[in-house]
Amino acid sequence: MAGQLIGLQNFAGSDAETMRAALSGGCSSSQCGSSDKPDSMPDEVWAKIKDHPCYSEEAHHYFARMHVAVAPACNIQCNYCNRKYDCANESRPGVVSEKLTPEQAQRKVITVANEVPQLSVLGIAGPGDACYDWKKTRDTFGLIAADIPDIKLCLSTNGLALPDHVDEIADMNIDHVTITINMVDPEIGVQIYPWIFYKNRRWTGLDASKILHERQMLGLEMLTARGILTKINSVMIPGVNDTHLMEVNRVVKEKGAFLHNIMPLISDPAHGTHYGLTGQRGPTPAELKALQDQLEGGAKLMRHCRQCRADAVGLLGEDRGQEFTLDQLEEAVAYDPSRRGNYRALVAEMRGEHEAAKRAASESLVEVQRAPVALVAIATKGGGRINQHFGHATEFQIYEVSSQGIKFVGHRKTEQYCEGGWGEDATLDGVIAALEGVSAVLCGKIGDCPKESLAAAGIVATDVYALEWIEEGIGHWYEQLNGQQEQRQSA
Ligand code: CLF
Ligand code: SF4
(Lines give C-alpha, C1' and ligand atoms only; values in the text may rest on other atoms or scores of the structure.)
(Ligands and ions follow the chains in the order given, each with its own letter.)
Protein backbone atom coordinates (compact mmCIF):
# COMPACT_ATOMS: atom_id res chain seq x y z
CA MET A 1 0.00 0.00 0.00
CA ALA A 2 2.77 2.43 0.85
CA GLY A 3 4.17 4.38 -2.05
CA GLN A 4 6.97 6.86 -2.11
CA LEU A 5 6.89 9.17 0.91
CA ILE A 6 7.26 12.78 -0.09
CA GLY A 7 8.30 15.45 2.37
CA LEU A 8 5.79 18.22 3.01
CA GLN A 9 8.13 20.66 4.64
CA ASN A 10 10.44 21.23 1.70
CA PHE A 11 8.53 21.50 -1.54
CA ALA A 12 11.07 21.09 -4.28
CA GLY A 13 9.22 23.26 -6.75
CA SER A 14 6.57 25.92 -6.87
CA ASP A 15 4.42 24.39 -9.58
CA ALA A 16 1.03 23.03 -8.71
CA GLU A 17 1.79 19.41 -9.71
CA THR A 18 4.84 19.13 -7.44
CA MET A 19 2.82 20.48 -4.57
CA ARG A 20 -0.09 18.19 -5.32
CA ALA A 21 2.24 15.17 -5.22
CA ALA A 22 3.73 16.32 -1.91
CA LEU A 23 0.35 16.98 -0.35
CA SER A 24 -1.29 13.79 -1.50
CA GLY A 25 1.72 11.59 -0.84
CA GLY A 26 1.68 10.42 -4.41
CA CYS A 27 -2.06 10.20 -5.15
CA SER A 28 -3.30 12.51 -7.85
CA SER A 29 -7.01 12.30 -7.26
CA SER A 30 -8.81 15.11 -5.50
CA GLN A 31 -12.29 16.42 -4.95
CA CYS A 32 -13.43 19.95 -4.52
CA GLY A 33 -16.09 21.18 -2.29
CA SER A 34 -16.73 20.40 1.26
CA SER A 35 -15.26 22.15 4.26
CA ASP A 36 -14.75 21.31 7.90
CA LYS A 37 -16.89 24.22 9.09
CA PRO A 38 -19.07 23.24 12.05
CA ASP A 39 -22.72 23.96 11.34
CA SER A 40 -23.01 26.29 14.32
CA MET A 41 -20.09 28.50 13.30
CA PRO A 42 -20.84 31.80 11.54
CA ASP A 43 -19.19 32.15 8.11
CA GLU A 44 -17.16 35.20 9.15
CA VAL A 45 -15.62 33.30 12.09
CA TRP A 46 -14.86 30.31 9.89
CA ALA A 47 -13.15 32.61 7.37
CA LYS A 48 -10.86 33.86 10.15
CA ILE A 49 -9.84 30.48 11.57
CA LYS A 50 -9.88 28.05 8.67
CA ASP A 51 -6.23 28.71 7.72
CA HIS A 52 -4.94 29.49 11.22
CA PRO A 53 -2.92 26.53 12.54
CA CYS A 54 -3.49 27.44 16.21
CA TYR A 55 -7.18 28.38 16.05
CA SER A 56 -8.17 25.33 13.98
CA GLU A 57 -6.86 21.85 14.75
CA GLU A 58 -7.69 20.81 11.21
CA ALA A 59 -5.73 23.75 9.75
CA HIS A 60 -2.60 22.76 11.63
CA HIS A 61 -2.14 19.82 9.28
CA TYR A 62 -1.81 22.23 6.35
CA PHE A 63 -0.75 25.70 7.46
CA ALA A 64 2.28 27.21 9.14
CA ARG A 65 2.90 30.15 11.41
CA MET A 66 5.97 32.23 11.95
CA HIS A 67 6.89 34.45 14.86
CA VAL A 68 9.14 37.48 14.68
CA ALA A 69 10.86 38.47 17.92
CA VAL A 70 10.51 42.25 17.71
CA ALA A 71 9.04 43.12 21.14
CA PRO A 72 11.61 42.55 23.92
CA ALA A 73 10.24 44.84 26.67
CA CYS A 74 7.84 43.52 29.31
CA ASN A 75 5.79 45.18 32.05
CA ILE A 76 5.21 42.34 34.50
CA GLN A 77 7.14 39.54 36.17
CA CYS A 78 5.80 35.98 36.03
CA ASN A 79 7.28 33.42 38.39
CA TYR A 80 7.87 31.04 35.46
CA CYS A 81 9.91 33.57 33.48
CA ASN A 82 13.55 34.54 33.41
CA ARG A 83 14.05 37.73 31.40
CA LYS A 84 17.15 36.28 29.75
CA TYR A 85 14.79 34.14 27.70
CA ASP A 86 11.65 34.63 25.61
CA CYS A 87 8.16 35.24 27.01
CA ALA A 88 7.11 31.91 28.48
CA ASN A 89 3.44 32.87 28.18
CA GLU A 90 3.49 31.78 24.55
CA SER A 91 6.87 30.19 23.97
CA ARG A 92 8.78 27.29 25.35
CA PRO A 93 10.80 28.69 28.28
CA GLY A 94 14.57 28.64 28.27
CA VAL A 95 14.86 29.68 24.62
CA VAL A 96 16.48 32.89 23.40
CA SER A 97 15.48 34.21 20.00
CA GLU A 98 17.27 36.61 17.69
CA LYS A 99 15.73 40.03 18.27
CA LEU A 100 14.78 41.91 15.12
CA THR A 101 13.91 45.46 14.15
CA PRO A 102 10.62 45.87 12.25
CA GLU A 103 12.58 46.27 8.99
CA GLN A 104 14.60 43.10 9.63
CA ALA A 105 11.38 41.29 10.48
CA GLN A 106 9.90 42.47 7.17
CA ARG A 107 12.81 40.93 5.22
CA LYS A 108 12.52 37.72 7.18
CA VAL A 109 8.77 37.34 6.67
CA ILE A 110 9.04 37.97 2.92
CA THR A 111 11.87 35.43 2.65
CA VAL A 112 9.84 32.82 4.54
CA ALA A 113 6.68 33.58 2.54
CA ASN A 114 8.64 32.97 -0.68
CA GLU A 115 10.04 29.66 0.54
CA VAL A 116 7.38 28.17 2.83
CA PRO A 117 4.10 28.10 0.90
CA GLN A 118 2.22 26.83 3.97
CA LEU A 119 2.77 30.17 5.73
CA SER A 120 -0.55 31.72 6.69
CA VAL A 121 0.00 33.55 10.00
CA LEU A 122 2.49 36.05 11.33
CA GLY A 123 2.57 36.12 15.13
CA ILE A 124 4.31 38.44 17.57
CA ALA A 125 4.79 36.63 20.85
CA GLY A 126 7.58 38.57 22.49
CA PRO A 127 10.28 37.95 23.41
CA GLY A 128 8.64 40.38 25.92
CA ASP A 129 5.09 41.71 25.65
CA ALA A 130 3.69 42.64 22.24
CA CYS A 131 1.29 45.26 23.66
CA TYR A 132 3.76 46.88 26.07
CA ASP A 133 6.39 47.12 23.30
CA TRP A 134 3.57 48.36 21.09
CA LYS A 135 5.38 50.66 18.69
CA LYS A 136 7.60 47.84 17.40
CA THR A 137 4.64 45.48 17.16
CA ARG A 138 2.54 48.03 15.26
CA ASP A 139 5.37 49.04 12.89
CA THR A 140 6.16 45.40 12.10
CA PHE A 141 2.56 44.46 11.35
CA GLY A 142 2.13 47.64 9.28
CA LEU A 143 5.15 46.92 7.08
CA ILE A 144 4.23 43.30 6.48
CA ALA A 145 0.51 43.82 5.89
CA ALA A 146 1.46 46.29 3.14
CA ASP A 147 3.64 43.68 1.41
CA ILE A 148 1.57 40.52 2.05
CA PRO A 149 -2.04 41.64 2.49
CA ASP A 150 -3.49 38.15 2.97
CA ILE A 151 -1.23 37.10 5.85
CA LYS A 152 -3.11 36.79 9.13
CA LEU A 153 -1.82 38.93 11.98
CA CYS A 154 -1.77 37.44 15.47
CA LEU A 155 -0.38 38.66 18.76
CA SER A 156 0.11 37.37 22.26
CA THR A 157 0.08 39.50 25.42
CA ASN A 158 -0.08 39.32 29.20
CA GLY A 159 -3.01 41.75 28.93
CA LEU A 160 -1.82 44.59 31.16
CA ALA A 161 -1.32 47.10 28.32
CA LEU A 162 -3.92 45.51 26.04
CA PRO A 163 -6.90 47.87 26.68
CA ASP A 164 -4.76 50.83 25.52
CA HIS A 165 -4.37 49.32 22.04
CA VAL A 166 -7.60 47.51 21.25
CA ASP A 167 -8.85 50.20 18.86
CA GLU A 168 -5.60 50.15 16.90
CA ILE A 169 -5.66 46.34 16.92
CA ALA A 170 -9.11 46.46 15.33
CA ASP A 171 -8.09 49.16 12.82
CA MET A 172 -5.07 47.11 11.73
CA ASN A 173 -7.19 43.97 11.11
CA ILE A 174 -5.36 41.96 13.74
CA ASP A 175 -7.98 39.22 13.95
CA HIS A 176 -6.37 37.01 16.57
CA VAL A 177 -5.21 37.97 20.06
CA THR A 178 -3.95 35.63 22.77
CA ILE A 179 -4.13 36.77 26.40
CA THR A 180 -2.39 34.76 29.10
CA ILE A 181 -4.85 34.50 31.97
CA ASN A 182 -3.65 32.27 34.79
CA MET A 183 -6.24 33.31 37.37
CA VAL A 184 -9.48 35.18 37.88
CA ASP A 185 -8.88 35.40 41.64
CA PRO A 186 -6.19 37.96 42.55
CA GLU A 187 -5.35 35.99 45.72
CA ILE A 188 -4.10 33.21 43.43
CA GLY A 189 -2.36 35.77 41.23
CA VAL A 190 -0.17 36.79 44.18
CA GLN A 191 1.49 33.37 43.95
CA ILE A 192 2.23 33.83 40.24
CA TYR A 193 3.11 37.52 39.76
CA PRO A 194 5.58 39.20 42.17
CA TRP A 195 5.18 42.62 40.53
CA ILE A 196 3.79 44.62 37.63
CA PHE A 197 4.75 48.00 36.15
CA TYR A 198 1.71 50.17 35.52
CA LYS A 199 1.10 53.94 35.28
CA ASN A 200 4.79 54.67 35.75
CA ARG A 201 5.19 52.76 38.99
CA ARG A 202 5.83 49.31 40.26
CA TRP A 203 3.03 47.47 42.09
CA THR A 204 3.43 44.34 44.18
CA GLY A 205 1.28 41.84 46.11
CA LEU A 206 -2.49 41.88 45.94
CA ASP A 207 -2.60 45.38 44.38
CA ALA A 208 -0.52 44.17 41.43
CA SER A 209 -2.61 41.06 41.01
CA LYS A 210 -5.91 42.98 41.13
CA ILE A 211 -4.80 45.51 38.52
CA LEU A 212 -3.57 42.77 36.19
CA HIS A 213 -6.81 40.83 36.59
CA GLU A 214 -9.00 43.89 35.90
CA ARG A 215 -6.97 44.87 32.83
CA GLN A 216 -7.09 41.31 31.44
CA MET A 217 -10.87 41.15 31.84
CA LEU A 218 -11.32 44.61 30.32
CA GLY A 219 -9.08 43.74 27.37
CA LEU A 220 -10.97 40.49 26.73
CA GLU A 221 -14.34 42.24 26.83
CA MET A 222 -13.14 45.00 24.47
CA LEU A 223 -11.82 42.47 21.96
CA THR A 224 -15.03 40.44 22.10
CA ALA A 225 -17.09 43.60 21.53
CA ARG A 226 -15.09 44.27 18.35
CA GLY A 227 -15.40 40.73 17.00
CA ILE A 228 -11.69 39.96 17.39
CA LEU A 229 -11.06 36.29 18.13
CA THR A 230 -9.36 35.63 21.43
CA LYS A 231 -7.42 32.66 22.65
CA ILE A 232 -6.70 32.41 26.36
CA ASN A 233 -3.47 30.73 27.39
CA SER A 234 -3.35 29.46 30.96
CA VAL A 235 -0.21 27.97 32.44
CA MET A 236 -1.19 24.99 34.59
CA ILE A 237 0.77 25.18 37.86
CA PRO A 238 0.02 22.22 40.17
CA GLY A 239 -0.94 23.32 43.67
CA VAL A 240 -1.25 26.97 42.59
CA ASN A 241 -3.94 27.31 39.92
CA ASP A 242 -4.65 23.80 38.59
CA THR A 243 -8.08 23.35 40.18
CA HIS A 244 -8.82 27.08 39.74
CA LEU A 245 -8.50 26.77 35.94
CA MET A 246 -12.06 25.37 35.85
CA GLU A 247 -13.23 28.76 37.06
CA VAL A 248 -10.92 30.57 34.61
CA ASN A 249 -12.46 28.52 31.80
CA ARG A 250 -15.98 29.42 32.90
CA VAL A 251 -15.24 33.14 33.18
CA VAL A 252 -13.39 33.51 29.88
CA LYS A 253 -16.13 31.60 28.08
CA GLU A 254 -18.71 33.96 29.55
CA LYS A 255 -16.65 36.92 28.34
CA GLY A 256 -16.51 35.62 24.79
CA ALA A 257 -13.14 33.85 24.51
CA PHE A 258 -12.98 31.71 21.39
CA LEU A 259 -10.43 29.17 22.62
CA HIS A 260 -8.78 28.13 25.88
CA ASN A 261 -5.28 26.67 25.74
CA ILE A 262 -4.04 25.00 28.94
CA MET A 263 -0.25 24.91 28.78
CA PRO A 264 1.78 22.78 31.18
CA LEU A 265 4.26 24.70 33.36
CA ILE A 266 7.76 23.82 32.20
CA SER A 267 9.96 24.27 35.24
CA ASP A 268 13.67 23.63 35.20
CA PRO A 269 16.28 24.99 37.65
CA ALA A 270 18.55 25.57 34.63
CA HIS A 271 16.11 28.22 33.35
CA GLY A 272 16.74 30.28 36.49
CA THR A 273 13.06 31.10 37.07
CA HIS A 274 11.52 31.53 40.52
CA TYR A 275 9.51 28.33 40.08
CA GLY A 276 12.50 26.46 38.66
CA LEU A 277 14.72 27.46 41.59
CA THR A 278 12.10 26.74 44.26
CA GLY A 279 11.20 23.28 42.96
CA GLN A 280 7.68 24.04 41.71
CA ARG A 281 6.85 21.15 39.40
CA GLY A 282 4.85 21.15 36.19
CA PRO A 283 1.89 18.80 35.59
CA THR A 284 2.33 15.29 34.23
CA PRO A 285 0.79 14.60 30.79
CA ALA A 286 -1.92 12.57 32.57
CA GLU A 287 -2.76 15.49 34.90
CA LEU A 288 -2.96 17.86 31.95
CA LYS A 289 -5.24 15.51 30.00
CA ALA A 290 -7.45 14.93 33.06
CA LEU A 291 -7.96 18.68 33.44
CA GLN A 292 -8.64 19.10 29.73
CA ASP A 293 -11.17 16.27 29.86
CA GLN A 294 -12.88 17.93 32.85
CA LEU A 295 -13.12 21.15 30.88
CA GLU A 296 -14.95 19.57 27.92
CA GLY A 297 -18.21 21.45 27.47
CA GLY A 298 -16.76 24.77 28.65
CA ALA A 299 -14.78 27.22 26.49
CA LYS A 300 -13.54 25.32 23.45
CA LEU A 301 -10.12 23.83 24.16
CA MET A 302 -6.97 23.97 22.10
CA ARG A 303 -5.14 20.68 22.52
CA HIS A 304 -2.57 20.94 19.76
CA CYS A 305 -0.34 23.74 21.12
CA ARG A 306 3.39 23.01 20.80
CA GLN A 307 4.66 25.84 23.07
CA CYS A 308 6.75 27.09 20.20
CA ARG A 309 9.66 29.55 20.21
CA ALA A 310 9.25 33.32 19.87
CA ASP A 311 11.04 32.97 16.51
CA ALA A 312 9.40 29.70 15.38
CA VAL A 313 8.84 29.10 11.65
CA GLY A 314 6.88 26.26 10.05
CA LEU A 315 4.07 23.85 10.73
CA LEU A 316 3.33 23.47 14.46
CA GLY A 317 5.62 20.76 15.71
CA GLU A 318 8.43 21.62 13.32
CA ASP A 319 10.78 24.53 13.75
CA ARG A 320 12.58 25.85 10.72
CA GLY A 321 13.67 29.05 12.43
CA GLN A 322 17.35 28.20 12.09
CA GLU A 323 17.02 28.24 8.27
CA PHE A 324 16.02 31.90 8.37
CA THR A 325 18.42 33.62 10.76
CA LEU A 326 19.39 37.20 9.99
CA ASP A 327 22.79 36.30 8.56
CA GLN A 328 21.12 34.08 5.94
CA LEU A 329 18.71 36.73 4.64
CA GLU A 330 19.28 38.71 1.42
CA GLU A 331 19.61 42.48 1.85
CA ALA A 332 16.78 43.13 -0.60
CA VAL A 333 13.84 40.77 -1.08
CA ALA A 334 10.60 41.09 -3.02
CA TYR A 335 7.48 39.09 -2.25
CA ASP A 336 6.42 36.50 -4.84
CA PRO A 337 2.84 35.37 -4.14
CA SER A 338 2.82 32.46 -6.61
CA ARG A 339 3.86 29.59 -4.34
CA ARG A 340 1.53 30.48 -1.51
CA GLY A 341 -1.27 30.98 -4.03
CA ASN A 342 -0.72 27.58 -5.69
CA TYR A 343 -0.53 25.88 -2.32
CA ARG A 344 -3.78 27.40 -1.08
CA ALA A 345 -5.63 26.35 -4.21
CA LEU A 346 -4.44 22.78 -3.72
CA VAL A 347 -5.28 22.69 -0.03
CA ALA A 348 -8.79 23.84 -0.88
CA GLU A 349 -9.11 20.75 -3.12
CA MET A 350 -7.44 18.35 -0.71
CA ARG A 351 -9.58 19.40 2.21
CA GLY A 352 -12.65 18.18 0.37
CA GLU A 353 -11.09 14.76 -0.03
CA HIS A 354 -9.89 14.74 3.58
CA GLU A 355 -13.34 15.63 4.86
CA ALA A 356 -14.98 12.87 2.82
CA ALA A 357 -12.45 10.37 4.24
CA LYS A 358 -13.15 11.56 7.80
CA ARG A 359 -16.89 11.18 7.33
CA ALA A 360 -16.49 7.71 5.85
CA ALA A 361 -14.26 6.66 8.76
CA SER A 362 -16.79 7.93 11.33
CA GLU A 363 -19.66 6.22 9.58
CA SER A 364 -17.89 2.88 9.44
CA LEU A 365 -17.07 3.07 13.18
CA VAL A 366 -20.73 3.09 14.05
CA GLU A 367 -20.71 -0.59 13.04
CA VAL A 368 -17.90 -1.33 15.51
CA GLN A 369 -19.61 -2.23 18.75
CA ARG A 370 -17.34 -4.18 21.01
CA ALA A 371 -13.83 -2.74 20.83
CA PRO A 372 -12.72 -0.55 23.73
CA VAL A 373 -11.58 3.09 23.51
CA ALA A 374 -8.01 3.17 22.25
CA LEU A 375 -5.26 5.75 21.84
CA VAL A 376 -3.46 5.71 18.49
CA ALA A 377 -0.18 7.52 17.76
CA ILE A 378 0.35 8.90 14.26
CA ALA A 379 3.64 9.76 12.58
CA THR A 380 2.91 12.60 10.16
CA LYS A 381 4.82 15.32 8.36
CA GLY A 382 1.61 17.24 7.73
CA GLY A 383 -1.01 17.31 5.02
CA GLY A 384 -3.39 15.21 7.16
CA ARG A 385 -1.79 11.91 6.13
CA ILE A 386 0.10 9.07 7.78
CA ASN A 387 3.30 9.90 5.97
CA GLN A 388 6.34 9.85 8.25
CA HIS A 389 8.84 7.12 8.95
CA PHE A 390 8.67 5.93 12.57
CA GLY A 391 12.36 6.59 13.05
CA HIS A 392 12.16 10.18 11.82
CA ALA A 393 9.36 11.30 14.13
CA THR A 394 10.15 13.83 16.84
CA GLU A 395 6.53 13.82 17.94
CA PHE A 396 3.45 11.66 17.49
CA GLN A 397 -0.07 13.02 17.15
CA ILE A 398 -2.42 11.19 19.51
CA TYR A 399 -6.00 10.31 18.58
CA GLU A 400 -8.67 8.64 20.66
CA VAL A 401 -10.84 6.16 18.77
CA SER A 402 -14.02 4.37 19.80
CA SER A 403 -17.30 3.47 18.13
CA GLN A 404 -18.30 7.07 18.94
CA GLY A 405 -15.68 8.46 16.55
CA ILE A 406 -12.10 9.63 16.24
CA LYS A 407 -10.76 12.73 17.93
CA PHE A 408 -7.42 14.43 18.24
CA VAL A 409 -6.39 14.57 21.91
CA GLY A 410 -2.80 15.82 21.92
CA HIS A 411 0.75 15.02 20.95
CA ARG A 412 3.76 13.33 22.54
CA LYS A 413 7.26 14.60 21.90
CA THR A 414 10.12 12.13 21.52
CA GLU A 415 13.73 12.02 20.49
CA GLN A 416 14.25 10.99 16.88
CA TYR A 417 14.95 7.24 16.98
CA CYS A 418 16.76 6.86 13.68
CA GLU A 419 19.70 9.13 12.81
CA GLY A 420 21.75 8.50 9.67
CA GLY A 421 20.06 5.16 9.00
CA TRP A 422 20.69 3.66 12.48
CA GLY A 423 18.38 3.40 15.46
CA GLU A 424 19.62 3.64 19.04
CA ASP A 425 18.12 1.22 21.60
CA ALA A 426 18.34 3.80 24.38
CA THR A 427 16.36 6.29 22.25
CA LEU A 428 13.78 3.64 21.44
CA ASP A 429 13.25 3.08 25.18
CA GLY A 430 12.47 6.81 25.46
CA VAL A 431 10.04 6.64 22.54
CA ILE A 432 8.26 3.67 24.12
CA ALA A 433 8.03 5.53 27.43
CA ALA A 434 6.56 8.57 25.64
CA LEU A 435 3.91 6.31 24.07
CA GLU A 436 2.60 5.06 27.41
CA GLY A 437 -1.09 4.15 27.16
CA VAL A 438 -1.02 4.04 23.34
CA SER A 439 -2.34 0.88 21.66
CA ALA A 440 -1.00 1.40 18.14
CA VAL A 441 1.46 3.47 16.15
CA LEU A 442 0.55 4.11 12.52
CA CYS A 443 3.43 5.41 10.44
CA GLY A 444 4.77 5.71 6.90
CA LYS A 445 7.40 3.04 7.38
CA ILE A 446 8.93 1.02 10.22
CA GLY A 447 11.64 -1.63 10.45
CA ASP A 448 11.29 -5.06 12.09
CA CYS A 449 13.55 -4.19 15.01
CA PRO A 450 11.58 -1.27 16.48
CA LYS A 451 8.33 -3.03 15.57
CA GLU A 452 9.30 -6.01 17.72
CA SER A 453 10.40 -3.84 20.64
CA LEU A 454 7.12 -1.93 20.52
CA ALA A 455 5.18 -5.21 20.33
CA ALA A 456 7.01 -6.40 23.46
CA ALA A 457 5.74 -3.23 25.17
CA GLY A 458 2.19 -4.04 24.04
CA ILE A 459 2.09 -1.49 21.20
CA VAL A 460 1.18 -2.54 17.65
CA ALA A 461 3.26 -0.60 15.11
CA THR A 462 2.43 -0.77 11.43
CA ASP A 463 3.00 0.93 8.11
CA VAL A 464 0.09 -0.88 6.44
CA TYR A 465 -1.89 2.37 6.44
CA ALA A 466 0.90 4.55 5.05
CA LEU A 467 -0.31 7.52 2.99
CA GLU A 468 -3.91 7.10 4.08
CA TRP A 469 -5.66 10.08 5.63
CA ILE A 470 -5.09 9.97 9.39
CA GLU A 471 -8.71 9.27 10.33
CA GLU A 472 -9.09 6.79 7.47
CA GLY A 473 -6.05 4.80 8.65
CA ILE A 474 -7.19 4.86 12.28
CA GLY A 475 -10.66 3.71 11.24
CA HIS A 476 -9.20 0.83 9.19
CA TRP A 477 -6.92 -0.22 12.05
CA TYR A 478 -9.78 -0.10 14.56
CA GLU A 479 -12.11 -2.11 12.36
CA GLN A 480 -9.40 -4.69 11.90
CA LEU A 481 -8.79 -4.81 15.67
CA ASN A 482 -12.49 -5.30 16.22
CA GLY A 483 -12.59 -8.04 13.59
CA GLN A 484 -9.80 -9.89 15.39
CA GLN A 485 -11.64 -9.60 18.69
CA GLU A 486 -14.84 -10.89 17.16
CA GLN A 487 -12.97 -13.84 15.72
CA ARG A 488 -11.45 -14.59 19.14
CA GLN A 489 -14.85 -14.34 20.81
CA SER A 490 -16.56 -16.64 18.28
CA ALA A 491 -13.69 -19.19 18.33
FE1 CLF B 1 1.82 32.40 17.30
FE2 CLF B 1 0.24 32.11 19.27
FE3 CLF B 1 -0.60 33.38 17.16
FE4 CLF B 1 -0.24 30.78 17.10
S5 CLF B 1 1.58 30.20 18.40
S6 CLF B 1 1.00 34.05 18.50
S7 CLF B 1 -1.72 31.86 18.33
S8 CLF B 1 0.50 32.24 15.61
FE9 CLF B 1 0.14 28.34 18.63
FE10 CLF B 1 2.65 28.15 19.28
FE11 CLF B 1 0.82 27.22 20.93
FE12 CLF B 1 1.08 29.74 20.57
S13 CLF B 1 1.25 26.45 18.93
S14 CLF B 1 2.63 28.47 21.43
S15 CLF B 1 -0.83 28.63 20.55
FE1 SF4 C 1 8.17 36.83 31.03
FE2 SF4 C 1 6.17 36.95 29.27
FE3 SF4 C 1 5.64 37.01 31.91
FE4 SF4 C 1 6.80 39.12 30.69
S5 SF4 C 1 4.73 38.32 30.32
S6 SF4 C 1 7.41 38.18 32.63
S7 SF4 C 1 8.15 38.10 29.18
S8 SF4 C 1 6.51 35.28 30.76
Of all accessible heavy-atom area on region 367-409, the percent that carbon and sulfur account for (1.4 Å): 42
222 nm mean residue ellipticity, helices alone, for the chain (DSSP H n ≥ 4; -39,500 (n - 2.57); rounded to 500): -10500 deg cm²/dmol
GluC sites (Glu not before Pro) within region 339-442, DSSP loop, no more than 16 other Cβ atoms inside 10 Å: Glu367, Glu415, Glu424, Glu436
Cα long-axis angle, helix 338-365 against the chain (0 to 90 degrees, to the nearest 10): 60
Shape of region 159-268, Cα gyration tensor, a/c cut at 1.5: oblate
Region 270-296 and region 146-169: distance between their alpha carbon centers, rounded to Å: 29
Whole-Å distance, taken between Cα centres, linking region 339-366 and region 420-438: 31
DSSP-defined antiparallel bridges as percent of all bridges, the chain, nearest 5: 45
Between 0 and 90°, nearest 10: helix 102-115 axis offset from the chain longest Cα axis: 10
Relative contact order %, region 378-459, counting alpha carbon pairs below 8 Å whose residues are six or more apart: 31
Label-point gap, in nm, between Asp39 and Val373 - each point 7 angstrom along Cα→Cβ: 2.5
Low-density loop positions, GluC sites (Glu not before Pro), region 268-324 - DSSP coil, at most 16 other Cβ in 10 Å: Glu296
Cα-based Rg of the chain normalised by 2.2 N^0.38 Å, two decimals: 0.98
Full-stretch length increase - Ala73, Asp293 - with 0.36 nm per residue and alpha-carbon distance subtracted: 75.6 nm
Local electrostatic count, Pro186, Cβ distance below 10 Å [Lys/Arg +1, Asp/Glu -1]: -3
Lysines with Cα under 17 Å of Lys381, excluding same-chain neighbours fewer than 8 positions away: Lys413, Lys445
Accessible solvent surface per residue of region 130-286, calculated while the other protein chains remain in place, 1.4 angstrom probe, Å²: 40
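The values are calculated or read from the model by the stated rules, or taken from the named source; none is laboratory data. Because the structure is predicted, anything quoted here is derived from the model rather than measured. Because the Cβ atoms are built from the backbone with ideal geometry, glycine has one as well, and the counts that use them run over all protein chains shown. With ligands, DNA and RNA removed, areas are computed over all heavy atoms of the protein, side chains included. Shrake-Rupley method; radii C 1.70, N 1.55, O 1.52, S 1.80 Å.
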